[in-house]
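Engineer: Before we start, here is the structure in question, set down as structure tokens.
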Amino acid sequence: MKFLGGGRLEYSNLTDNQKNPIILPKSHRLTKLIFVYFHLKNLHVGPQGLLCAVRQKFWPIHGRNLSRKIVNDCITCFRNKPVVASQIMGNLPAERITPTFPFNVCGVDFIGPLLVKPVARRRITARKMYVAIFVCFVTKAVHFELVTDLTSEAFIACLKSFFSRRGKSSIVYSDNATNFVGAQSELKCLSDMLKKPDENVSAYLASVEIKWKFSPPRSPNFGGLYEAGVKSFKYHFRRVMKNTKVSIEEILTIISQIEGILNSRPLTPLSCDPTDLSVLTAGHFLIGRPITSVVEPEIIDTPDNRLSRWQRTTKVVQFIWKRWHRDYLNHLQQRSKWQFEKNDLKIGSLVLLKEENIPPYKWVIGKDVIPGSDGKIRVANVQTQSGLYRRGISKICVLPINSNE
């Protein structure tokens, strides 16, 4: 038994199928097979063209929604126009919200190369140097170190200088080595050094008992804290220097000034109260005040003994951390983006690995994922024919294989 639709076109020149099309139920398997047939027959036509082709003979109920679903569930169409999966913003790690001294847990990244002259002379050839940026996970304080080259000796010297001035860190985060491989071929040396540290670097890290943790490859959003520091450094550096070649003394001065400016940025939104001029900055955790603020006059006639001064200093430090708990942590409470799940991954899902500068239909297909501490999947170990890859969810597209029966 079949049901025919009717309308007001009985006296038109249309065919009988168009005047009285066969009505298709929206959830019947035959309806889906008819849509798939017309989709393949018309060379993977889009939703609008698919619905037009089906309506030449049939009248599907809720046909517009069904045509979109058929096109979205087509593996061939998906591989040519994949949709990247997304996940809600995860909880902050304990290292970000546990009070500790500055730079105990930090992230490191590299900026460059920069053209620097060894001495301030005209005929001296400029050489390429780099800037290592260290960002504290708790206070968002930044520290810059100039690195002369990409050897392990220079990198160890950079770490020693940083630890001598800011204290030894217990945990250091960095991008995975492949993130350093960019347009500059010189960064490949740094990539190899960070991915597979030689005996000198490994021995030094072991001797000072430092844990080194990497973010997933090609996932800079996992290191957003120090990536934002790189962006802020470039913002000031490019506006001041442009294409000027400077000496080592000048570049050190500029780097120090940018460091002071970034450490004087407010950690929380400014108060609307015109009488409230205080603001919490990273400089409060380093020297007790913003780096770029004017030194307050000394109170000479205050009759304080040593103990009262120590108590006053302790009170100031406790007040700074109280504001950190009250203002900064509450500011981190909200999820500013990534508030919804999209194409949520499951263990055993078939996925595409997004690759740069490669057509989507040539992306490799893999399987297998690993959940995070909150049960949400943000990193996946994907098994492919060529090996095992570790990728963030922003580089993964879930194939709609479960929807096609």
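The values are calculated or read from the model by the stated rules, or taken from the named source; none is laboratory data. What you are looking at is a predicted structure, and each value in this text was computed from that prediction instead of being measured. FYI the Cβ positions are ideal-geometry reconstructions off the backbone, even for glycines, and counts take in every protein chain you see.
Engineer: Give all pairs with beta carbons closer than 7 Å in which a residue from segment 249-263 that is within 11 Å of residue 233 (Cβ to Cβ) and touching a residue at least 24 places away in the same chain (Cβ under 8 Å) meets a residue that is among the aliphatic types (A, V, I, L, M) and outside any helix (DSSP H, G or I); count only pairs at least 6 apart in sequence or on separate chains.
Structural biologist: Close Cβ pairs (under 7 Å, with a partner that is among the aliphatic types (A, V, I, L, M) and outside any helix (DSSP H, G or I)) amount to 255/131; 255/146; 259/142; 262/142.
Engineer: Filter segment 223-243 down to residues that are modelled with pLDDT under 85 and touching a helix residue (DSSP H, G or I) at 6+ places or on another chain (Cβ under 9 Å) and give me whichever is farthest from residue 282 (Cα to Cα).
Structural biologist: Looking at residues that are modelled with pLDDT under 85 and touching a helix residue (DSSP H, G or I) at 6+ places or on another chain (Cβ under 9 Å), I get 241.
Let's see how each residue does on (1) under 43 Å from the mean Cα position of the chain (by Cα); (2) at pLDDT 90 or above; (3) surrounded by fewer than 17 Cβ atoms within 10 Å (Cβ to Cβ):
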{"position": "6", "(1), (2), (3)": "no, no, yes"}
{"position": "24", "(1), (2), (3)": "no, no, no"}
{"position": "56", "(1), (2), (3)": "no, no, yes"}
{"position": "59", "(1), (2), (3)": "no, no, no"}
{"position": "65", "(1), (2), (3)": "yes, yes, yes"}
{"position": "78", "(1), (2), (3)": "yes, no, no"}
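Engineer: Where residues in segment 135-164 are among the aromatic types (Phe, Trp, Tyr) and under 16 Å from residue 252 (Cβ atoms), which of them is farthest from the chain's Cα centre (by Cα)?
Structural biologist: My answer is 162.
Engineer: Here's another thing I want to ask about it. Tell me which residues, restricted to segment 209-265, are among the basic types (Lys, Arg), assigned to a loop (DSSP other than H, G, I, E, B) and surrounded by fewer than 18 Cβ atoms within 10 Å (Cβ to Cβ).
Structural biologist: 242, 245, 265
Engineer: Then there is this: So which of 83, 108, 116 is under 17 Å from the mean Cα position of the chain (by Cα) and of a type in the set (A, V, I, L, M)? Outline the logic, then answer.
Structural biologist: Numbers: 83 fails: under 17 Å from the mean Cα position of the chain (by Cα); 116 fails: under 17 Å from the mean Cα position of the chain (by Cα).
Every option except 108 fails the conditions.
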